[in-house]
Amino acid sequence: MATQSTASFSAQLTRYYSFYTGGFVAFVILIAILEQMGVPNKILGYMFLGATVLLYAGIGIMSKTADVSEYYVAGRRVPALFNGMATGADWMSAASFIGMAGTLYLSGYDGLAFVLGWTGGYCLVALLLAPYLRKFGQFTIPDFLGARYGGNIPRSIGVFAAILCSFTYVIAQIYGVGLITSRFTGLEFSVGVFAGLAGILVCSFLGGMKAVTWTQVAQYIILIVAYMIPVVWLSVKHTGNPVPQIAYGYVLEKVTAREQVLNDPTTPDGAKEAEVRAIFKQKQEAAEGKLKALEAGGAAYLAEEKGKLVQAAADLKAKPDADPAAVAAADKAVADFPVDAAAATAAWKKAAAGAKAKAGPIAAHAEPFAGKDDEARNKKRKNFLALVLCLMVGTAALPHILMRYYTTPSVKEARKSVFWSLFFIFLLYFTAPALAVLAKFDVYTLLVGSSFSELPSWVSAWAAVDKTLMSVTDINKDGIVQLAEITIGGDLIVLATPEIAGLPYVITGLVAAGGLAAALSTADGLLLTIANALSHDVYYKMINPHAATTRRLAISKGLLLVVAVFAAYVTSLKPGDILFLVGAAFSLAASAFFPALALGVFWKRANKWGAILGMSAGLGTCMYYMFMTYPFFGVNAPLWWDINPISAGIFGMPAGIIGVVVGSLLTAAPSKEVQDLVDHVRYPNLEGDIKTEAA
């Protein structure tokens, strides 16, 4: 009977979302018609973003609930196919939709670490955790830690880790929302962040996991359509082949040939590139010279340099025919001059690194671990493997993803759901490398070699959003754009690709709607994870176990609002690029959760003190390394074995495993009841006597 009910519910959902997809396609066609009729692009952008947010809000309002099981786990009745779509949307955040192809564009072969790590991680989810956590039941990951290890200390550490991982991750999503909102509405980035926040909250505030689930299914449909259409269009445009994954190899050959031309100083284009690179080399040497002089002269040198700038600005102003723009630039140079030695060191190191990146030859997109020598290549190879491992293990430990498998009707459906999740994620990840190469080919052939006097409008539009993401500066003053004069951040490659390729604006708006869907869907899941950890695991489980349902849900919604506003504020400070923030969340999750979860399922001897020691050691090691080495914090400590801070989990994971093992072996074995719980969880088909709330 239950199976028939699930099948009937699934058929009903299929009808609903089929009508929804048809309606969305009709809406896109309507926008295309309006564009042809001459409706301004800005109005079309408002229509795209506004209509999609209103749609999500409508689903959220219709899914409102006061039932605890519905609010926390969508009533445990989400069919595998639809849970796979919801998980795909939850997973394919702004990092996947916006950042993945951008990273492949900038890093080439090395960027495949993200594809391999994030895809391979779902194998670990299916094999090691998802079915066992579904058999356990309950609502959250700290729930499992509290029941498996006993006491509030493991649960509390789990709550802290869940909040830390989710908060780091959600900042990246809100950053994506702000980026899209500010570009397509003309609002300031910080204002766009808070405007987009409203779209996040309406999806999850009233209905919790129930609303988030059905909204995420709708968002997945939009984001995958939005991602596929431009890349298929570009594939047909350049190769006549509508399958970009097949056309990819042909376009990559053309990109490689173009790279060789631009790197060859004997060709006209290569000579111009060499001229610009020589100027950047001089800038690099000048910045490095300032750093050496600062190290030798200290504050006296700093004062002398500032004095020179002040005097130069005064001399310029004294000229009767002084160019106002030059005067303004001189005043800005004085105002921007570092206030102390520490600020000067940071600024000049950044300038030297930026110039160095532009001074070198173009790295071949298809070359693995490109570098000038074996040491540089080995360093890249080492970081590639470390990042793949951190992303894989982090995937299997992220609370907002694991929570999705609590929503299926059974353990069998949870297993099937992992398969569907991987399939829906694969559709985007298999396409991202092709999109990166197609976008790079357009930049190499359409933007490089064009005239500065005829730059397309999208360049200035994106530069107005953030100059670190988009800028084109005539370094050698020849009026022609060279590749080294272009700065394109990875976070805008996907969003700007339709404009770069000259596609109709309707495609640009569609991609923006898809990026917004990706960011909103993940942000919803993350904010819900944080609010639930505080309201369910802290308030209900530890402070007031007798709290009424209405009170529990009211507290969860209040916390959701507070956390969302605080996250938006932090995002407005721009603490890092999207991909680093997401990667950091994976390293933190891999270090804090994976050892305790995996050993908790597969090793009966693991106990409370082992979990406490393991989670504390793993998370502490990972946080310490990130804080000491990530430039944002300003410490700039030397790297351990040349491992980048995004892969800090490579040190946190072994620390966590060792902590669980050593702590467990040095203390008493867990009780028989706990070991029975492990048996109950380990064998999904075994009907045990362990009863859990909401199981």
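The values are calculated or read from the model by the stated rules, or taken from the named source; none is laboratory data. Because the structure is a prediction, the values reported are computed rather than measured. As a convention, Cβ positions derive from the backbone with ideal geometry for all residues, glycine included, and neighbour counts pool all protein chains shown. Quick note on the areas: whole protein, heavy atoms, side chains included, nothing else; ligands and nucleic acids left out. Shrake-Rupley method; radii C 1.70, N 1.55, O 1.52, S 1.80 Å.
Legend: calculated FRET efficiency, V570 to A547, from the Cβ-Cβ distance at R0 = 22 Å, rounded to 0.05, equals 0.15.
As I understand it, the value is the acute angle between the Cα axis of helix 549-572 and the longest principal axis of the Cα atoms of the chain; what does it come to in degrees, rounded to 10? The two axes meet at around 10 degrees. Remark: spin-label model distance Y46-A198 equals 1.3 nm, labels positioned 7 Å along the Cα→Cβ axis.
Relative to the longest principal axis of the Cα atoms of the chain, the long axis of helix 672-682 makes an angle of roughly 60 degrees. Calculated [222 nm] ellipticity per residue, helices only, for the chain: -24000 deg cm²/dmol; basis is -39500 (n - 2.57) per DSSP H run with n ≥ 4, divided by all residues, nearest 500. The D373 and Q282 beta-carbon pair, evaluated with R₀ = 30 Å, returns a calculated FRET efficiency of approximately 0.80. Excluding ligands, DNA and RNA, the accessible surface per residue across the stretch 267-306 is 57 Å² with a 1.4 Å probe. Stretching Y250 away from V562 to a fully extended chain increases their span by 107.3 nm, per 0.36 nm per residue minus the current alpha-carbon distance. With contacts taken as Cα pairs under 8 Å at a separation of at least 6 residues, the chain carries a relative contact order of 28 percent.
With a 1.4 Å probe and every protein chain kept in, tell me what percent of the accessible surface of the stretch 373-511 is carbon plus sulfur. Using a 1.4 Å probe with all protein chains present, the stretch 373-511 comes out at 62 percent carbon and sulfur.
Full-extension gain between T487 and N636, please, as 0.36 nm times their residue separation minus the C-alpha to C-alpha distance.
51.2 nm
Using C-alpha pairs under 8 Å with a sequence gap of at least 6, the mean separation divided by the residue count of the stretch 193-347 gives a relative contact order of 10 percent. Heavy-atom surface analysis with a 1.4 Å probe gives the stretch 33-174 a carbon and sulfur content of 71 percent of its accessible area. Of the trypsin sites (Lys or Arg not before Pro) found in the stretch 368-413, the ones in coil according to DSSP and having at most 15 other Cβ atoms within 10 Å of their Cβ are K372.
Ordering 437-445, 317-325, 552-560 by mean Cβ neighbour count within 10 Å, with the highest value first, yields 437-445, 552-560, 317-325.
In loop segments of the stretch 527-628 as defined by DSSP, the chymotrypsin sites (Phe, Trp or Tyr not before Pro) with at most 14 further C-beta atoms inside 10 Å of their C-beta are W603. Surface exposure of the stretch 332-387, expressed per residue as accessible area with a 1.4 Å probe, stands at 60 Å². The slack in the chain from Q36 to V334, taken as 0.36 nm per residue of separation less the alpha-carbon distance, amounts to 102.4 nm.
Classification of the stretch 3-120 by its C-alpha gyration tensor yields an oblate form. The axis ratio a/c (a ≥ b ≥ c) is 1.5 or more, and b/c is at least a/b.
Using R0 = 35 Å, the C-beta based FRET efficiency linking A326 and K349 works out to 0.80.
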